[in-house]
1. Can you find, within the stretch 378-412, the residue that is surrounded by the most Cβ atoms within 10 Å (Cβ to Cβ) among those that are touching an Asp or Glu at 6+ places or on another chain (Cβ under 9 Å) and closer than 16 Å to residue 325 by Cα?
2. State all residues of the stretch 274-293 that are within 19 Å of residue 332 (Cβ to Cβ) and either open to solvent by less than 70 Å² (accessible area, probe 1.4 Å) or aromatic (Phe, Trp, Tyr) (or both); if no residue qualifies, say none.
3. In the stretch 353-364, which residue that is under 18 Å from residue 97 (Cα atoms) and open to solvent by 10 Å² or more (accessible area, probe 1.4 Å) is modelled with the lowest pLDDT?
4. Inspect all residues belonging to the stretch 413-428 and state whether any of them is crowded, with 17+ Cβ neighbours inside 10 Å, at pLDDT 90 or above, at negative phi and of a type outside the set (A, V, I, L, M, F, W, C).
5. With respect to residue 103, is the statement that it is over 20 Å from the mean Cα position of the chain (by Cα) and without any contact (Cβ under 8 Å) to a residue 12 or more places away in the chain true?
6. Taking the conditions exactly as written (out of contact with any Gly (no Cβ under 6 Å at 6 or more places or on another chain), without any contact (Cβ under 8 Å) to a residue 12 or more places away in the chain and closer than 25 Å to residue 42 by Cα), does residue 151 satisfy them or not?
7. Could you list, in sequence order, the residues of the stretch 107-125 that are of a type in the set (Phe, Trp, Tyr) and more than 18 Å from the chain's Cα centre (by Cα)?
8. Do the conditions hold for residue 296, that is, is it part of a helix (DSSP H, G or I), farther than 24 Å from residue 396 by Cβ, without any contact (Cβ under 8 Å) to a residue 24 or more places away in the chain and open to solvent by 40 Å² or more (accessible area, probe 1.4 Å)?
Amino acid sequence: MSPSATSQTSKRPGGTDPAPGPTSTSTPDAPPGAAPQGSVLRAWLAVAGLALGVFSFVTTETLPIGLLPSIADGTSVSLGTAGFLVTGFAALAAVTAAPLTALTGRVDRKWLLVALMVLYIAGNLMAAVVDGYALLLIARLIVALAHGVFWSIAVSIAVRLVPERHAVRATSVVLGGISLASVAGTPLGTAVGQSAGWHAAFVCVGFLGFLVLGASLLFMPALPARGSGSLSALLHVLRHRALRVAVGVTALIMSGHFLAFTYVAPFLQEVTGVRPSLIGVLLLVFGAAGLAGNFAAGAVVGRALRASLIGCTGLLAVVMVVMYAGGASGPLVITMLVCWGVLYAALPVALQTWVMRLVPEESEAASSLYVAAFNGAIGVGSFIGGLIIDGSGPRLAMAVAGAFALAAMLVTAVFGRSGGGAARSARS
């Protein structure tokens with residue numbers, strides 16, 4: 001889960017060497033960086049397809065969050081058990097992202113995308129027709145297998161589709177799907193699920209997969225693989241000490257976020273007293289704040305990466321504590337949701353930027369570790385949150401989430417300076 005246009009900046013922090021650029025789409029007879037108009041249009045349509053894929057996967061991953069009470073009732077399980085639809089999804093994506101990305105390193109990226117979207121469609125349509133919890137969980141895990149690999153390769157594919165001078169713009173378009181999913185995907189999915197039943201919500205996200213599949217088949221050119229098709233690339237990036245720091249901070253802060261956010265619907269209903277019909281509206285507010293945070297982060301992170309990380313993690317800890325202490329106040333909670341949305345959108349921008357700057361020569365391998373940490377954190381956070389909510393209710397989850405955010409701030413403050421520059425990082 002997350003990133004912005006700044007994640008493909010051309011310089012490493014602390015160094016001046018440019019990162020390797022994407023393959024140009026120019027033809028031998030065209031001026032450098034130019035391409036025939038038809039080729040340019042097809043390239044950007046393919047990039048738009050990737051953005052829709054990002055939107056689809058993010059929406060699918062977070063869809064159960066706003067529907068946990070109705071899914072729990074419909075499948076006759078507890079809220080904590082229903083939360084495993086998020087936890088299990090994230091855990092499998094985390095475990096499989098890095099090895100599957102490495103092992104598919106020799107597969108043409110177009111056909112790998114096609115295969116991933118087939119899995120996405122199959123899993124969501126299965127979720128749309130089953131009634132039991134076990135089969136619903138299996139359907140979610142099918143999608144999770146595709147999720148980790150898609151996130152690991154999406155940005156690197158986008159920058160190969162366009163001329164080098166447009167790499168940042170292509171990255172911005174693709175990762176814009178994250179904010180759009182927060183603003184539209186999850187809230188609309190929640191609204192559909194609450195009005196027509198949660199099965200209908202999975203039908204809708206499954207249909208999105210057909211659109212992405214069609215865009216991949218129609219507009220995506222053949223993209224020969226650049227990877228070795230082995231696990232050696234992972235071993236290479238794992239030796240990078242600064243990357244391990246970045247991955248650790250990702251795991252901490254995202255564990256805290258999803259510990260609280262997975263169960264935000266029960267919190268709003270039980271602690272704040274919000275009517276179920278308004279949950280989708282408040283998630284829309286959260287997503288709109290995130291869209292603003294994404295744009296703001298793009299302007300700030302590139303100039304002050306470490307300060308942005310420290311500030312966002314520290315402020316998120318404050319937000320969580322205020323939610324815990326003042327959760328019964330509707331106006332205060334709404335204000336904190338807006339702040340939370342802004343901070344959460346900025347954090348993946350900063351974290352993805354950090355990772356991509358550290359190991360530009362192995363961007364897919366490094367991204368797969370980031371994806372693994374991100375999704376592993378979703379699983380850990382959701383699991384801990386489920387234990388807390390079943391034992392003590394949703395309010396305490398906010399305080400524990402604040403502790404995770406504080407830990408992430410301290411790690412960044414202490415180790416982030418050495419972790420901020422690839423050129424200066426030691427390897428062990």
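The values are calculated or read from the model by the stated rules, or taken from the named source; none is laboratory data. This structure is a prediction, so every number in the text was calculated from the model and none was measured. Because the Cβ atoms are built from the backbone with ideal geometry, glycine has one as well, and the counts that use them run over all protein chains shown. SASA here: full protein model, heavy atoms, side chains in, ligands and nucleic acids out. Shrake-Rupley method; radii C 1.70, N 1.55, O 1.52, S 1.80 Å.
1. 394
2. Of everything in the stretch 274-293, those that are within 19 Å of residue 332 (Cβ to Cβ) and either open to solvent by less than 70 Å² (accessible area, probe 1.4 Å) or aromatic (Phe, Trp, Tyr) (or both) turn out to be 274, 278, 279, 282, 283, 285, 286, 288, 289.
3. Let us first name the residues in the stretch 353-364 that are under 18 Å from residue 97 (Cα atoms), namely 355-356, 359, 362-364.
Then drop every residue that is not open to solvent by 10 Å² or more (accessible area, probe 1.4 Å), which leaves 356, 362-364.
On the way: 356: 72, 362: 72, 363: 69, 364: 75.
Selected residue: 363.
4. No: the stretch 413-428 contains no residue that is crowded, with 17+ Cβ neighbours inside 10 Å, at pLDDT 90 or above, at negative phi and of a type outside the set (A, V, I, L, M, F, W, C).
5. The answer is no for residue 103.
6. On the way: out of contact with any Gly (no Cβ under 6 Å at 6 or more places or on another chain): yes; without any contact (Cβ under 8 Å) to a residue 12 or more places away in the chain: no; closer than 25 Å to residue 42 by Cα: yes.
In short, no.
7. Here is the first cut: in the stretch 107-125, the ones of a type in the set (Phe, Trp, Tyr) are 111, 120.
Listed by number, the list holds a single entry, 111.
8. Against the criterion (part of a helix (DSSP H, G or I), farther than 24 Å from residue 396 by Cβ, without any contact (Cβ under 8 Å) to a residue 24 or more places away in the chain and open to solvent by 40 Å² or more (accessible area, probe 1.4 Å)), residue 296 does not qualify.
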